[in-house]
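Worksheet for the structure shown next.
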Amino acid sequence: MSEHVHLKSALMPLTTVSFSSSDLTHIQQELAKKKAEAPALFVNLPCILDLHELNAAELALTDLEQACLSCGLLPIAVRNADEAWRQQLANTRLADLGRGHTKAKTANPAQLGNNDSHAMATNTIEPCPMRSVKLHQGNIRSGQQVYFDGDLFVLGTINAGAEVLATGDIHVYGALRGRALAGVKGDETALISCQQFNAELISIAGQYKLLEEDSASPSAVLIQLNDGHLNIIQV
């Protein structure tokens, strides 16, 4: 008899939501603010709740989960839950992913032998992610939204008030004047590039940046996520 159910392991990028306050009111206000900045992102977005800086004595996990749900997030797991959270976690359907990963210390190549240096270089090379590609020809008007599950290439201008979202990269062969959200399902390797930069908002893997007038650049720009910060590089 053939099997009708198959279990397969897979690595899926997920957005991690971290907090710096255990005050539920402050959390709700901040979530509402972020949703107003990028409403399309907060539509049934699966996420992980990082409890590292939260106090279990001051905040109920069910209340935190409900605050996320009310903003369109779908918490599916937690990480960095210490013993103080165990009982609360048992009363939810959230998975426990254990402690968060720490970054490995980077070795100094000058202190390595030839064989060690070669091994280090080999181990740090990451393959490029395989994604679907969509080519959008023409300008994207104010109020228009374009979403694609993969890399999005726009041959035209993204006008102010327009919004483009992609689970992978966003490359604009024209001016970026509206909002661009790349890696919307948590892919931190996603990039944003454009020929002229005057964006209202940019985001990669849930990290946001609202832009001011003095951030505009008439030249090409590449934006990448590095250690949780958005780097804007003129190229």
Subject >> Number of the condition not met by VAL43 [criteria: (1) more than 19 Å from GLY183 (Cβ to Cβ); (2) surrounded by fewer than 18 Cβ atoms within 10 Å (Cβ to Cβ)] >> reply: (1)
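The rows are residues; the columns are (1) at pLDDT below 90; (2) of a type outside the set (A, V, I, L, M, F, W, C); (3) part of a loop (DSSP other than H, G, I, E, B); (4) assigned by TED's automatic domain parsing to the domain that holds GLN144.
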{"site": "GLU3", "(1), (2), (3), (4)": "yes, yes, yes, no"}
{"site": "GLN28", "(1), (2), (3), (4)": "no, yes, no, no"}
{"site": "LYS35", "(1), (2), (3), (4)": "yes, yes, no, no"}
{"site": "LEU41", "(1), (2), (3), (4)": "yes, no, yes, no"}
{"site": "ALA57", "(1), (2), (3), (4)": "no, no, yes, no"}
{"site": "ASP63", "(1), (2), (3), (4)": "no, yes, no, no"}
{"site": "PRO75", "(1), (2), (3), (4)": "no, yes, no, no"}
{"site": "LYS103", "(1), (2), (3), (4)": "yes, yes, yes, no"}
{"site": "THR106", "(1), (2), (3), (4)": "yes, yes, yes, no"}
Original post:
Can you name the residue in region 148-188 that is hydrophobic (A, V, I, L, M, F, W, C) and touching a residue at least 60 places away in the same chain (Cβ under 8 Å) and is also nearest to PHE42 (Cα to Cα) among such residues?
Top reply: VAL184
Original post:
When region 49-62 is examined, which residues are found to be out of contact with any strand residue (DSSP E or B) (no Cβ under 8 Å at 6 or more places or on another chain) and closer than 22 Å to GLY206 by Cα?
Top reply: LEU54
Original post:
Is one or more of the residues making up region 179-187 modelled with pLDDT of 55 or more, among the small types (Gly, Ala, Ser) and more than 30 Å from TRP85 (Cβ to Cβ)?
Top reply: yes
Original post:
Scanning for something surrounded by 18 or more Cβ atoms within 10 Å (Cβ to Cβ) and hydrophobic (A, V, I, L, M, F, W, C), does region 203-211 turn up at least one residue?
Top reply: yes
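The values are calculated or read from the model by the stated rules, or taken from the named source; none is laboratory data. Computed from a prediction, not measured in an experiment: that's the story for all the values here. As a convention, Cβ positions derive from the backbone with ideal geometry for all residues, glycine included, and neighbour counts pool all protein chains shown.
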